[in-house]
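Some notes on the structure that comes next.
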Amino acid sequence: MDCFYAAIEVRENPLLAGKPVAVGGQSNRGVLTTCNYEARKFGCRSAMPTYRALQLCPKLVLLPPRFELYRSVSQSVREILLNYTPLVEPLSLDEAYLDVTAREEYGWNLAKEIRQNIFETTKITASAGIAPNKMLAKIASDWRKPDGQFAVTPEQVESFMRDLPVRKIWGVGPKSAQRLEKRSIHTCGQLQNLSRTELFSLFGGFGSELYDLCRGIDDRPVEPARIRKSMSTERTFERNLHHLEECVQQLKPLYEELGKDLAKKKSQLVINKAFIKLKFADFKQTTRECLCPEPDFEVYLKLLEEAFQRSSEGVRLIGVGVRFRDDEPETGVEQLNLTFS
């Protein structure tokens with residue numbers, strides 16, 4: 001979906017049409033969840049601090065998120081996708097992979113029809129990528145945004161990958177890109193000159209995977225039943241917390257909120273670990289966890305005390321969560337690539 005949350009907000013309030021709109025935290029310590037294309041013209045982007053977005057775009061319309069509304073629209077979109085194939089792998093509320101191998105129609109025509117059905121039902125637009133595998137479909141889905149689609153056919157894969165920037169490959173972040181740039185490697189074609197052994201020495205196990213990915217090879221299947229590995233809730237504070245007692249006061253409501261979320265899924269998911277996440281004033285982050293099938297407040301309190309000792313900086317964010325056993329299937333993926341995004 002195209003700038004999903006912001007698009008829904010503009011649909012709900014047509015007076016916002018043509019204006020720069022963002023959804024995210026309202027305080028100066030908050031961040032943008034998403035923003036529309038009018039806002040992106042000013043340099044605004046997802047995960048940008050709110051104060052910075054308002055500096056770049058003083059007329060930005062900043063709205064608080066309404067996740068129940070977004071989930072409802074996401075469910076409507078997912079029902080449309082399931083009319084075309086049972087092999088739908090949701091990635092988030094606004095993005096999913098579809099395997100349409102069993103369909104007789106050409107993927108391009110299917111994508112066009114699905115996008116039209118989504119717009120007629122929800123009045124918001126989607127973009128699609130059509131390709132032989134998930135990685136290429138994901139990349140292609142961003143190629144003609146917004147409200148467009150792009151295909152990479154099997155015979156085009158080799159030429160498509162040759163000039164593709166390495167940063168477009170899943171898993172290649174800023175640090176990995178920097179290491180490759182030091183070797184004057186900027187494109188996948190240049191990366192293909194390194195052997196699997198050389199890539200393994202540079203990046204470990206991911207290097208071996210990267211050898212295939214830079215050639216457009218991705219054998220991952222579309223998996224409708226995905227495993228949920230964790231659940232958490234967190235809060236960024238208006239001011240930094242410098243004393244443990246202040247952190248303890250903020251821990252209780254977070255613990256209670258997590259408990260409410262877990263109560264909805266307790267019969268479906270088996271807890272394996274409890275964890276605390278702290279982000280300090282210098283933006284360094286630490287996580288403390290322990291094996292615990294039924295964590296109570298005292299467990300989180302002990303984890304908080306241990307994590308708090310890891311820095312002398314004030315605490316900017318506290319998160320509490322649980323990790324689930326790997327053998328438990330997730331039945332409620334909460335966020336929505338063919339890739340639609």
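Some points to look at:
- Count - residues of region 146-163 that are surrounded by fewer than 19 Cβ atoms within 10 Å (Cβ to Cβ) and outside any helix (DSSP H, G or I): 5
- A single member of Glu105, Glu113 is charged (D, E, K, R) and at pLDDT below 95, and it is Glu105.
- Of all the criteria given as (1) polar (S, T, N, Q); (2) closer than 30 Å to Asn36 by Cα; (3) in contact with a Cys (Cβ under 7 Å, 6 or more places away or on another chain), the one not satisfied by Ser127 is (3).
- Enumeration of residues in region 101-131 that are in a loop (DSSP other than H, G, I, E, B) and surrounded by fewer than 19 Cβ atoms within 10 Å (Cβ to Cβ): Thr101, Ala102, Arg103, Glu104, Glu105, Tyr106, Lys123, Thr125
- Of the helices (runs of 4 or more DSSP H) lying entirely inside region 169-273, those containing at least 3 residues that are modelled with pLDDT under 95 and either surrounded by 13 or more Cβ atoms within 10 Å (Cβ to Cβ) or not assigned by TED's automatic domain parsing to the domain that holds Val320 (or both) span 174-181, 196-203, 205-213, 244-265.
- The residue of region 35-52 that is nearest to the chain's Cα centre (by Cα), among those that are modelled with pLDDT of 95 or more and outside any loop (DSSP other than H, G, I, E, B), is Cys35.
- The residue of region 285-325 that is nearest to the chain's Cα centre (by Cα), among those that are basic (Lys, Arg) and more than 18 Å from Arg235 (Cβ to Cβ), is Arg323.
The values are calculated or read from the model by the stated rules, or taken from the named source; none is laboratory data. Given the structure is predicted, the values throughout are model-derived calculations rather than measurements. Using ideal geometry, Cβ is built from the backbone for each residue, glycine included, and neighbour counts are taken over all protein chains shown.
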